[in-house]
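Everything on this sheet refers to the single structure shown next.
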């Protein structure tokens, strides 16, 4: 399951995986992100706040995740990984090879700093 919140005043989408990711999570994301991007052209940032990565509920969910990233990564300027999890902390170095966005890691308690960086455009 993927909690999400769009912060239109910052142009930032906040994602919190709280259980294995499901296909429906990415369908729900598209319903809120696509209209925003259509109106504004892009998102300033994406915050992924997670104490750990819960994985995917199914292969279909993994495919939905990949498709969502493929369809949206050029429309996001910055990505902040807010976590102390070792796997997710490495995400910025790995993601930089696959997305156009600038990607940075922040410690789990640094959500305010991450939001400031993301919204700073």
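Bear in mind these aren't lab numbers, they're just calculated from the coordinates by the rules spelled out. Computed from a prediction, not measured in an experiment: that's the story for all the values here. Heads up, the Cβs are rebuilt from the backbone with ideal geometry, glycines too, and the neighbour counts pull from every protein chain shown.
Beta bridges assigned by DSSP with both partners in the chain are antiparallel in approximately 25 percent of cases.
Spacing of the modelled spin labels on residue 85 and residue 30, each 7 Å from Cα toward Cβ, amounts to 2.4 nm.
Rank-order 15-21, 54-60 by packing density, defined as the average count of other C-beta atoms within 10 Å over each peptide's residues, highest first. Write out the running numbers ahead of the final one.
Details: 15-21: 16.3, 54-60: 13.0.
The densest-packed peptide leads the list: 15-21, 54-60.
Mean separation of Cα pairs under 8 Å and 6 or more residues apart, divided by the residue count, gives the chain a relative contact order of 26 percent. Calculation over all alpha carbon pairs of the stretch 1-64 in 5 angstrom steps from 0 returns a P(r) of 4, 18, 26, 24, 16, 9, 2 percent.
If the convex hull of the alpha-carbon atoms of the chain is projected onto planes in all directions, what is the mean projected area in square nanometres? Mind showing how you got there, number by number?
Details: hull surface 26.0 nm².
Seen from a random direction, the Cα hull of the chain projects 6.5 nm² on average.
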